[in-house]
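S.K.: One structure, as structure tokens, below. Some questions next.
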Amino acid sequence: MSFSASIITLFPELFPGPLGTSVIGRGMADGLWSLSTTQLRDFATDRHRTVDDTPSGGGAGMVLKPDILARAIDAVSPEGDVRPRLLMSPRGVPLRQARVRELAAGPGAVIVCGRFEGIDQRVIEARGLEEVSIGDYVLAGGEVAAMVLLEAVVRLIPGVLGAAESHADESFENGLLEYPQFTRPQVFEGREIPAVLTSGDHGKVEKWRRAESETLTRTRRPDLLK
Ligand code: ADE
């Protein structure tokens, strides 16, 4: 069983994009995960292949029609498909590493990419869509957000990163931001590597890194310490 991602989008040509490169792309080539895209417009029924309509109650922008998205979801994810159904949206629950880990341990995800003022609320409820945001800013559509989510998830699938690599020290894994890293040369533009890191005293290195992590987290992300 490998992780299976199905994307519903008006812009399938954007995929795999960055997901086809580097360790993520190699993981796909190695069969550790797979990606399929579905053109939402293929589920429109009128001559102009319309997918949106004006908002009920008035206002700017257009709203994605529920019947068309429901047909696309049913085609991609028929009854019995146990994968979570995600909707990329700035209104969603903020994506965190904990949810990323859960997704990576699961069978995959069906991901709907929005590109409109909104999506009819009834299809969100009727198909059990979990709204996910990648941050407090508004993108032009959900495609890049879906790529961000998948890149975060796929790198945690066993075998995608080398067995030697551990996630234990990464930012967020222990509730803290990661400590600063250094490598040679010993002096760069007059700046030295902190002496403790070249002392050979592993206990001291551990303590220094922990303290740096805590200071960074306190100044940049006090919310993580609560
Ligand atoms: N679509 C538009 N903005 C988004 C965001 N911040 N997160 C997820 N999907 C989005």
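The values are calculated or read from the model by the stated rules, or taken from the named source; none is laboratory data. As the structure is a prediction and not an experimental result, all values here were calculated from the model. Every residue, glycine among them, receives a Cβ derived from its backbone with ideal geometry; neighbour counts consider all protein chains shown. The accessibility values were calculated without ligands, DNA or RNA, using every heavy atom of the protein model including side chains. Shrake-Rupley method; radii C 1.70, N 1.55, O 1.52, S 1.80 Å.
S.K.: Here's a check for you: in segment 119-143, which residue that is aliphatic (A, V, I, L, M) and near the ligand (Cβ under 8 Å from one of its atoms) is most open to solvent (accessible area, probe 1.4 Å)?
M.R.: Val138
S.K.: Looking only at segment 144-170, filter to residues that are more than 16 Å from the ligand (Cβ to nearest atom) and of a type in the set (Asp, Glu); which one of those is least open to solvent (accessible area, probe 1.4 Å)?
M.R.: Here the residue is Glu170.
S.K.: I would also like to ask the following. In the list Val196, Val148, Val160, Val205, which residue meets the criterion of being of a type in the set (A, V, I, L, M) and assigned by TED's automatic domain parsing to the domain that holds Phe15?
M.R.: Going through Val196, Val148, Val160, Val205 in turn, the sole match is Val148.
S.K.: Here's something else I'd like to know. Would you call Asp42 over 21 Å from Glu143 (Cβ atoms), open to solvent by 60 Å² or more (accessible area, probe 1.4 Å) and modelled with pLDDT of 95 or more?
M.R.: no
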